């Protein structure tokens, strides 16, 4: 199944017309308001704010189309670059607006914010950037240079990785196929896949290290220019949280790495292995049936589970399938991984998958549909307020995975149930503990003075991962280079802790849902999702009676992980 982009544009001619109109509208906006924002009365400012939002949304719609074309065909790099350049021109014309808003005195700003309705939190967040904003000329220079710095290196990374082929079983295969083989029940095949991945990456490590170094250097320059207190600060401001809360998250998670180690020791016994190597981590436990989830089977399970949870989830998921929001299967030049792109408020989200008929693909489908449901529900708060910070953006996706887990476990028994629990725990480890490892790895990389060599990257990667596994998994030499293919390090520095944040948040919320102590939990949850980014994470979570600044908050999530692990231990003892 391929997605249908006609909801965005029927063809490139219409795309051209739209972006041309946006260019004109941006110029009209600039001529109308530049150097006048401070003088606008509250009503006039709010009118200008609506016009600003309309220009941004129209531009985003065009860029969404161009990006989705590129995502399924990386040979379309020039096509994407063309529209990135036009979008930059539009941004240049309207860049002044946010800068001039932050030149308004605080008293008048607060008056505007009070009257801005659903856009109030957006303006409050904008105000927090006040001390880090530069002059209009400097901001324009940074905007222009982005085309040949971070954007360019991100594009190079995507294009290069999507074209790589790996030698496996005398065939040249994609990264997605090699990675899927790490889940093969045959140990020799897993080992071969591990070697294939490492050998395939090896000739490209110098280039991938250089790209990473350029991203690192660009972030350092930007943070120096904007006087951020640390290299992580811009991400935390974007995520609407504090450095302290992130440090507490990392501290709480790292002191509980023993959960990971305890699990893998049990898994080694279940697999009948004296030692687990890195290529054994995803080895499926034996089941009484073939562990195959083709797309139709995955679709059926997701729809049934969503309907069992809430009719509103089910109805949106049905639309996603029927209206072709989803591009399902791997193909040449298609981007790896998966995502849900929120598009704009007049268009539904788009979901990219690389479905290879594994059980993990079922959970990936649920994960991305969770994102899509979140994005779809938040359309009513508008384009500016619908943008959800990463810290809460992962909530719906991980919650959807928990819905699937609880739904499936009630239909399985014996070896299949053990395998499901194992898979779920490994998913939690990947989303929680592993993403913290990614973050501590990034901290080492970005705090390193000067450029790192391939060996430096590999050393830091090995050291941080070893902390998580302890003596439960032996990391081979091949594993050292696996930092090199992870896109978040390139596209969004310090992105990864948001997965951990979202995972612990969801585990706490899901525990509340299962306790059935809130009669209106589902309505509050829909309200949570529908609010998008129009409220702070702290305010949203208060809907459920949690205080996100309470140090005990993270421990609640960890207790839920331990509860699942204990259930797993009990099941394995019984069988």
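The values are calculated or read from the model by the stated rules, or taken from the named source; none is laboratory data. Given the structure is predicted, the values throughout are model-derived calculations rather than measurements. In this analysis, Cβ positions are derived from the backbone assuming ideal geometry, glycine residues included, and neighbour counts consider all displayed protein chains.
Within region 148-175, count every residue that is farther than 18 Å from residue 75 by Cα and touching a residue at least 40 places away in the same chain (Cβ under 8 Å). Please lay out each step first, then the result.
Within region 148-175, the first condition is being farther than 18 Å from residue 75 by Cα, and the residues that meet it are 148-150, 166-172.
Among the residues that remain, those that are also touching a residue at least 40 places away in the same chain (Cβ under 8 Å) are: 149-150.
Number satisfying all stated conditions: 2.
Residue by residue through region 554-575, note down the ones that are more than 22 Å from the chain's Cα centre (by Cα) and within 26 Å of residue 310 (Cβ to Cβ). Working first, answer last.
Of region 554-575, the ones more than 22 Å from the chain's Cα centre (by Cα) are 555-556, 559-560, 562-575.
Of everything in region 554-575, those that are more than 22 Å from the chain's Cα centre (by Cα) and within 26 Å of residue 310 (Cβ to Cβ) turn out to be 556, 559, 560, 563, 564, 567.
For region 105-133, what are the residues that are modelled with pLDDT under 95 and part of a loop (DSSP other than H, G, I, E, B)?
105, 129, 133, listed by residue number.
Quick test of your reading of the structure: residue 60 fulfils all but one of (1) surrounded by fewer than 17 Cβ atoms within 10 Å (Cβ to Cβ); (2) within 28 Å of residue 333 (Cα to Cα). Name the failing condition by number.
(1)
This table checks each residue for (1) closer than 26 Å to residue 379 by Cα; (2) out of contact with any helix residue (DSSP H, G or I) (no Cβ under 6 Å at 6 or more places or on another chain); (3) surrounded by 20 or more Cβ atoms within 10 Å (Cβ to Cβ).
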| residue | (1), (2), (3) |
| --- | --- |
| 42 | yes, no, no |
| 66 | yes, no, yes |
| 70 | yes, no, yes |
| 104 | no, no, no |
| 108 | no, yes, no |
| 117 | yes, yes, no |
| 130 | no, yes, no |
| 139 | no, yes, no |
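Among what's in region 525-539 and is at pLDDT 90 or above and surrounded by 18 or more Cβ atoms within 10 Å (Cβ to Cβ), pick the residue that is nearest to residue 406 (Cα to Cα).
Selected residue: 525.
Can you go through 283, 227 and tell me which one is in contact with a helix residue (DSSP H, G or I) (Cβ under 8 Å, 6 or more places away or on another chain) and exposed (fewer than 14 other Cβ atoms within 10 Å of the Cβ)?
Unique residue meeting the criteria: 227.
Inside region 319-333, can you point out the residues that are assigned to a helix (DSSP H, G or I) and under 23 Å from the mean Cα position of the chain (by Cα)?
319, 320, 321
So for region 261-281 (the condition being assigned to a helix (DSSP H, G or I), closer than 20 Å to residue 499 by Cα and at pLDDT 90 or above), does at least one residue qualify? Break it down stepwise before answering.
At the first step, the residues of region 261-281 found to be assigned to a helix (DSSP H, G or I) are 261-271, 278-280.
Filter again for closer than 20 Å to residue 499 by Cα, leaving none.
Checking region 261-281: not a single residue is assigned to a helix (DSSP H, G or I), closer than 20 Å to residue 499 by Cα and at pLDDT 90 or above.
For region 175-183, state whether one or more residues are touching a helix residue (DSSP H, G or I) at 6+ places or on another chain (Cβ under 6 Å), in a loop (DSSP other than H, G, I, E, B) and more than 18 Å from residue 482 (Cα to Cα). Even if it seems obvious, please write down each step before you answer.
Applying the first criterion (touching a helix residue (DSSP H, G or I) at 6+ places or on another chain (Cβ under 6 Å)) to region 175-183 yields 178, 181-182.
Filter once more, keeping what is in a loop (DSSP other than H, G, I, E, B): 182.
Subsequent filtering for residues that are more than 18 Å from residue 482 (Cα to Cα) retains none.
Looking for residues that are touching a helix residue (DSSP H, G or I) at 6+ places or on another chain (Cβ under 6 Å), in a loop (DSSP other than H, G, I, E, B) and more than 18 Å from residue 482 (Cα to Cα), one finds none in region 175-183, hence no.
Which one of these is free of Cβ contacts under 8 Å to residues at least 60 places away in the same chain, buried (at least 16 other Cβ atoms within 10 Å of the Cβ) and under 19 Å from residue 569 (Cα atoms): 424, 409? Talk me through it step by step, then tell me what you get.
Numbers: 424 fails: free of Cβ contacts under 8 Å to residues at least 60 places away in the same chain.
Step by step, each of 424, 409 is checked, and only 409 is free of Cβ contacts under 8 Å to residues at least 60 places away in the same chain, buried (at least 16 other Cβ atoms within 10 Å of the Cβ) and under 19 Å from residue 569 (Cα atoms).
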